[in-house]
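This report concerns only the one structure given below.
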């Protein structure tokens, strides 16, 4: 997996989170590369909770750091990936699929398309 890999079927935030049209949220390959080996994913929301765009919905811990996870859109949490509690390494193994974190039913936030996010990556110093 390349740190500059992006998927054209989702939108992105400047904080390197992605959201699919169905509302599944995760972190990008760039974020995974920057974090290193993921050791813990702590999702502090549950199905039925409401979130605002930019609200923290949990934290992710790696061998390098602890980072907050932010909701890319406002809406209602309709699912949480409970598998990450036992297998946080799924984020490293498949950040675009099995490593999704929450699913939010909501409106578009201030999101970037593939071209805008790719430009952000190209301009980063990582």
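Which length gain, in nm to one decimal place, applies between residue 122 and residue 98 when the Cα-Cα distance is subtracted from 0.36 nm times their residue separation? Before the final figure, lay out each step's value.
Values: separation 24, 0.36 × 24 = 8.64 nm, distance 2.62 nm.
Going from the current span to full extension adds 6.0 nm.
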Kirkwood hydrodynamic radius (C-alpha pairs) into Stokes-Einstein, the chain, 25 °C and 0.890 mPa s, D in µm²/s: 172
Label-point separation in nm, residue 8 to residue 22, each point 7 Å along Cα→Cβ: 2.1
Packing rank of 116-124, 27-35, where each peptide gets the mean count of other beta carbons within 10 Å, highest leading: 27-35, 116-124
Estimated 222 nm signal from helices in the chain, with DSSP H stretches of n ≥ 4 weighted -39500 (n - 2.57), rounded to 500: -4500 deg cm²/dmol
Gain on full stretching of the segment that runs from residue 105 to residue 15 - 0.36 nm per residue minus C-alpha separation: 30.4 nm
Pairwise label distance in nanometres, residue 76 with residue 113, each label 7 Å out on the Cα-Cβ vector: 3.1
Label-zone membership for segment 59-78, site residue 47, 7 angstrom Cα→C-beta point, backbone N under 16 Å: 76-78
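Just so you know, all these numbers are worked out from the coordinates, no wet-lab data involved. Nothing here was measured: the structure is a model prediction, and the numbers come from that model. So basically every Cβ, Gly included, is an ideal-geometry build from the backbone, and we count neighbours across all protein chains shown.
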